[in-house]
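A short write-up of the structure that comes next.
The values are calculated or read from the model by the stated rules, or taken from the named source; none is laboratory data. All values reported here derive from a predicted model rather than from experimental measurement. In this analysis, Cβ positions are derived from the backbone assuming ideal geometry, glycine residues included, and neighbour counts consider all displayed protein chains.
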Amino acid sequence: MEKDIENINLIESSLKGDAKSFEVLYQKFKRPLFVICLRYAVDRDQAQDFLQDSFVNIYRKLNQFDRKKGSFGSWASRITVNECLAFARKKTLFPLNINAAEQLESKDNSVLSDLSLKEMLDLIHTMPYGYRTIFNMYVIDGFSHKEIAEQMEISISTSKSQLAKARKMLQKKILVNNKVNSQEYG
């Protein structure tokens, strides 16, 4: 609650033209928003671009933030996700390449608990961009298939099938990664 009050004060000062207040908001939120950008970006440079564009939009829309609807962090995260998705739409990264994933089979996902967050993000990042995008949107960012379909200009059934294929691909990568690690350390 105290952080929310601090953020509200920073937002109000920023809206009055205090650049230092927005700099404080930037410093507070750049890391968690950068993690979001990394999930959608091809590389760190692109993630930096996404982050910069996201903060430009956050600044432009700051007067639209409504604390009654949620925290500033959640609001800024949604703007960041939307900025990443806007890039995907502009670059027409869809339709997705589904042929490779259709051939993969899932065996066991019990090794998930053995993975660190960094290892999991690294594995997610190795998936094709389209799979990764839908996986991030649905599993991590909490979009519904309907919202994904609208955002990505695809059908709901395509969103569902792509998520299923992304999960299979990720499970396969986790199993392969676990076998390599157990051979190295086991």
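Descriptive notes on the structure:
- Out of K20, K68, one residue alone is modelled with pLDDT of 95 or more, among the basic types (K, R) and surrounded by fewer than 16 Cβ atoms within 10 Å (Cβ to Cβ). It is K20.
- Taken together, the criteria exclude K173 from residues that are in contact with a helix residue (DSSP H, G or I) (Cβ under 7 Å, 6 or more places away or on another chain), surrounded by 12 or more Cβ atoms within 10 Å (Cβ to Cβ) and modelled with pLDDT of 85 or more.
- S14 of a type in the set (G, A, S) and at pLDDT 95 or above: no
- Filter pass, K3 being basic (K, R) and modelled with pLDDT under 90: yes
- Pairs where the first residue, in region 59-74, is assigned by TED's automatic domain parsing to the domain that holds L15 and free of Cβ contacts under 8 Å to residues at least 40 places away in the same chain and the second is in a helix (DSSP H, G or I) and surrounded by 13 or more Cβ atoms within 10 Å (Cβ to Cβ), C-beta under 7 Å, 6+ apart: K61/I79
- Condition check for F50: within 20 Å of the chain's Cα centre (by Cα) and buried (at least 18 other Cβ atoms within 10 Å of the Cβ): yes
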